[in-house]
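Structure record follows, encoded as structure tokens.
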Amino acid sequence: MSTRTAFLKGHGTENDFVIVPDPDNAVELTPTAVAALCDRRAGIGGDGLLHVVRSAAHPEARHLADEAEWFMDYRNGDGSVAEMCGNGVRVFARYLQYAGHIKAGDLAVATRGGVKKVHIAKADAHGEGAVTVSMGRAELPAEQATVTVGERSWPTVNVNMGNPHAVAFVADLAHAGNLFAAPPTSPATVYPEGVNVEFVVDRGPRHVAMRVHERGSGETRSCGTGACAVAVAAARRDGLNPSDTGEPATYTVDLPGGTLVITERTDGGIEMTGPAVIVAEGEITAEWIKTRIA
Ligand SMILES: N[C@@H](CCC[C@H](N)C(=O)O)C(=O)O
């Protein structure tokens with residue numbers, strides 16, 4: 001980054017992102033630059049960053065350009081790269097709509113986790129239309145593991161949604177404690193690339209609540225891929241597998257920042273529906289870039 005650069009700020013169920021529109025992939029976003037932009041005190045602040053690039057202009061997405069015009073180059077708040085971000089895809093689509101690149105309806109977004117089909121519902125009297133993302137199928141590697149926070153440990157259900165998740169069913173969400181002071185630990189042998197950890201309690205039939213500690217971001221107020229992982233883990237625990245029963249399974253997942261609705265279809269595909277909001281837009285000053293990043 002070397003000159004004034006446009007940015008926006010958005011969130012999906014309070015999982016918040018710095019958005020950097022860069023159709024031609026001209027902005028160099030080093031891990032240091034991403035971490036500085038996501039810094040909540042000295043930067044703009046966000047759990048992560050959405051770099052909005054045309055697929056044809058990005059070496060990691062060029063091969064997907066015929067399927068999806070836009071590539072979500074997602075970064076975690078610490079500057080690391082992740083394969084997928086469920087809340088991020090919804091906010092990414094909302095940005096494209098806000099900027100006039102697309103209208104409500106259907107579009108495809110390229111991600112490191114493959115091309116995701118997105119549907120933006122038309123706005124109604126209650127505000128902006130919800131965004132639904134076809135998240136693909138979950139994989140459930142059989143390997144057993146535990147996560148530990150302080151004195152407590154729980155067995156995990158491993159769920160891969162393009163990115164790795166360790167789902168722990170707990171008696172009380174408060175048992176996860178202060179995840180900033182004592183982040184969860186997990187065996188590097190099972191999660192060599194690190195893992196997102198979800199803590200889950202039941203709220204009612206097909207209704208759960210969760211907290212999440214995200215790889216590369218810490219505790220966040222929501223995680224879309226995490227909510228999908230939790231819905232699938234809860235369904236299997238409840239004896240439901242739509243591919244076997246021929247009945248879709250829908251779970252309501254409450255998070256600290258809002259609610260997501262997750263449906264596993266009979267073909268195993270998972271759909272996530274939730275809000276996506278653009279909050280602000282502005283320009284990163286040349287001076288800040290020079291002193292903090294360049
Ligand atoms: N908040 C995201 C997930 C972002 C990536 C994650 N931290 C990872 O490293 O895998 C979501 O909404 O899915």
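Readers should treat all values here as calculations from the given coordinates under stated rules, not as data from a laboratory. As the structure is a computational prediction, the values presented were derived from the model and not from experiment. Virtual Cβ from ideal backbone geometry, glycine too; neighbours counted across all protein chains shown.
Let's see how each residue does on (1) within 19 Å of Asn25 (Cα to Cα); (2) buried (at least 23 other Cβ atoms within 10 Å of the Cβ); (3) without any contact (Cβ under 8 Å) to a residue 60 or more places away in the chain:
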position	(1), (2), (3)
Met72	yes, yes, yes
Ala82	yes, yes, no
Arg90	no, yes, no
Lys103	no, no, yes
Arg112	yes, no, yes
Lys116	no, yes, yes
Lys122	no, no, yes
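Has the stretch 183-191 got at least one residue that is more than 21 Å from Gly88 (Cβ to Cβ), of a type in the set (A, V, I, L, M), in a loop (DSSP other than H, G, I, E, B) and within 16 Å of the ligand (Cβ to nearest atom)? The answer is yes; a qualifying residue exists.
Considering only the stretch 201-212, state which residues are more than 11 Å from the ligand (Cβ to nearest atom) and either of a type in the set (A, V, I, L, M, F, W, C) or farther than 20 Å from Thr185 by Cα (or both). Within the stretch 201-212, Val201, Asp202, Arg203, Gly204, Pro205, Arg206, His207, Val208, Ala209, Met210 meet the criteria. If you go through the stretch 245-262 and keep only what is free of Cβ contacts under 8 Å to residues at least 24 places away in the same chain and of a type in the set (S, T, N, Q), you end up with just Thr245. Restricting Lys116, Lys103, Lys122 to residues that are within 13 Å of the ligand (Cβ to nearest atom), over 17 Å from Glu193 (Cα atoms) and of a type in the set (Lys, Arg) narrows the list to Lys116. Looking only at residues in the stretch 213-227 that are closer than 14 Å to Asn163 by Cα and more than 7 Å from the ligand (Cβ to nearest atom), which one is surrounded by the most Cβ atoms within 10 Å (Cβ to Cβ)? By that ranking, first place goes to Ala227. Anything in the stretch 255-280 that is surrounded by 17 or more Cβ atoms within 10 Å (Cβ to Cβ), within 20 Å of Gly10 (Cα to Cα) and of a type outside the set (Val, Ile, Thr)? List them, or say none. Leu255, Gly257, Gly258, Leu260, Met272, Gly274, Pro275, Ala276, listed by residue number. When you scan the stretch 167-180, do you find a residue that is more than 13 Å from the ligand (Cβ to nearest atom), of a type in the set (Phe, Trp, Tyr) and surrounded by fewer than 18 Cβ atoms within 10 Å (Cβ to Cβ), even just one? Yes, that holds for at least one residue. Against the definition (closer than 25 Å to Pro256 by Cα and in contact with a helix residue (DSSP H, G or I) (Cβ under 9 Å, 6 or more places away or on another chain)), how does Ile120 come out, yes or no? Judged against the criteria, Ile120 is a match.
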